[in-house]
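Reviewing the structure listed below.
The values are calculated or read from the model by the stated rules, or taken from the named source; none is laboratory data. As the structure is a computational prediction, the values presented were derived from the model and not from experiment. Cβ atoms come from the backbone with ideal geometry, glycine included; neighbour counts cover every protein chain shown.
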Amino acid sequence: MNNLFNRSRECVLNKLGNNALDEKDTYAHAAAANDSSSKVCNDNFVLQANFDGECWHVGTRFDREPLTPTSQRTVAKPCIFIVLESPHVEEFKYDPPIPAAGKTGSNVIQSLALMLNNHCPKDVLHGTYSVAFVNAIQFQTSLGVQPVYFRDHVFREMWVNGAKDAFITRLVSYLKDGDILINGCTCGKTTSKQRKLREDVQVAIDESIKPLGVKFTEIRTEHPSVWGRIFNTANKHKTFADYSWKANSKLFKSHEDSLKDT
């Protein structure tokens with residue numbers, strides 16, 4: 001995958017470098033070329049969460065443990081997997097890099113219990129769950145600069161050239177009956193001919209994971225980077241905190257319709 005990331009980075013930089021429109025674009029291109037990290041950011045177990053049959057309760061600090069396809073669960077405990085699109089900058093300030101190291105992580109600690117209370121069905125397994133972050137792509141697709149410049153281009157270049165298959169392989173190795181899978185990937189910028197990044201990930205789950213027959217609970221939420229805003233707004237106005245996806249692309253709606261017909 002390192003080779004795929006490096007090829008995709010060079011492809012995007014070469015393609016977009018000729019289209020820099022102003023000084024800011026040129027600076028971003030130079031920074032991405034010189035400072036982006038090619039390290040892999042492995043998935044992590046980070047928290048414990050408990051469901052007592054009525055309410056969810058979540059730990060208040062991260063206790064990280066690497067999660068790899070060869071990881072063995074030390075206890076018979078279900079898991080909550082929070083899927084993100086790819087690591088950005090804060091994650092690479094650590095060696096080795098760790099997922100959701102910045103605002104995203106702190107928002108999960110603050111809001112995960114409320115999100116689950118509001119959106120998770122009550123018929124899930126009672127008891128303690130291990131919570132893990134899983135990046136759909138484990139490399140810095142933003143190239144270390146503001147995501148608006150390169151992230152979506154690099155993500156899509158990698159996704160269709162092997163990263164999707166690698167993600168599916170990892171997720172298949174993780175998921176077991178009774179788990180909860182949260183698609184919290186970001187939208188990204190799209191054209192009328194593209195799905196949102198989170199929708200690309202969801203299509204992979206729908207087409208490659210669900211047919212395997214693993215009995216897991218699925219939740220789709222806005223990216224955890226905005227969970228804090230959702231939490232604070234609901235708390236301020238005493239309203240329901242709705243973390244669910246807002247607005248799907250026409251292409252994804254067509255995908256959803258096709259699933260209903262099968």
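Summary table
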read-out	value
One residue from V108, V124 being buried (at least 21 other Cβ atoms within 10 Å of the Cβ), out of contact with any Lys or Arg (no Cβ under 7 Å at 6 or more places or on another chain) and of a type outside the set (D, E, K, R)	V108
F150 vs. criteria outside any loop (DSSP other than H, G, I, E, B), in contact with a Lys or Arg (Cβ under 9 Å, 6 or more places away or on another chain), in contact (Cβ under 8 Å) with a residue 24 or more places away in the chain and surrounded by 17 or more Cβ atoms within 10 Å (Cβ to Cβ)	yes
Some residue of the stretch 158-166 being within 15 Å of D43 (Cβ to Cβ) and within 12 Å of the chain's Cα centre (by Cα)	no
Within the stretch 76-128, considering residues that are hydrophobic (A, V, I, L, M, F, W, C) and free of Cβ contacts under 8 Å to residues at least 24 places away in the same chain, the one farthest from R198 (Cα to Cα)	A76
So R170, is it closer than 21 Å to I98 by Cα, touching a His at 6+ places or on another chain (Cβ under 9 Å) and assigned to a helix (DSSP H, G or I)	no
Meets criteria (at pLDDT 95 or above and over 21 Å from P87 (Cα atoms)) for I180	yes
Candidates N14, N34, N2, filtered to the one that is over 24 Å from the mean Cα position of the chain (by Cα), closer than 28 Å to G144 by Cα, at pLDDT 70 or above and surrounded by fewer than 14 Cβ atoms within 10 Å (Cβ to Cβ)	N14
Test for I219: is it more than 20 Å from I137 (Cβ to Cβ) and under 14 Å from the mean Cα position of the chain (by Cα)	yes
Close pairs (6 angstrom Cβ cut-off, 6 or more residues apart or separate chains): on the phi > 0 side of the Ramachandran plot in the stretch 232-258, of a type in the set (A, V, I, L, M, F, W, C) and surrounded by fewer than 10 Cβ atoms within 10 Å (Cβ to Cβ) anywhere	none
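A quick yes/no check of all residues on (1) crowded, with 16+ Cβ neighbours inside 10 Å; (2) among the β-branched types (V, I, T); (3) touching a Cys at 6+ places or on another chain (Cβ under 7 Å); (4) under 14 Å from H223 (Cβ atoms):
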residue: C79; (1), (2), (3), (4): yes, no, no, no
residue: Y94; (1), (2), (3), (4): no, no, no, no
residue: P97; (1), (2), (3), (4): yes, no, yes, no
residue: A132; (1), (2), (3), (4): yes, no, yes, no
residue: K164; (1), (2), (3), (4): yes, no, no, no
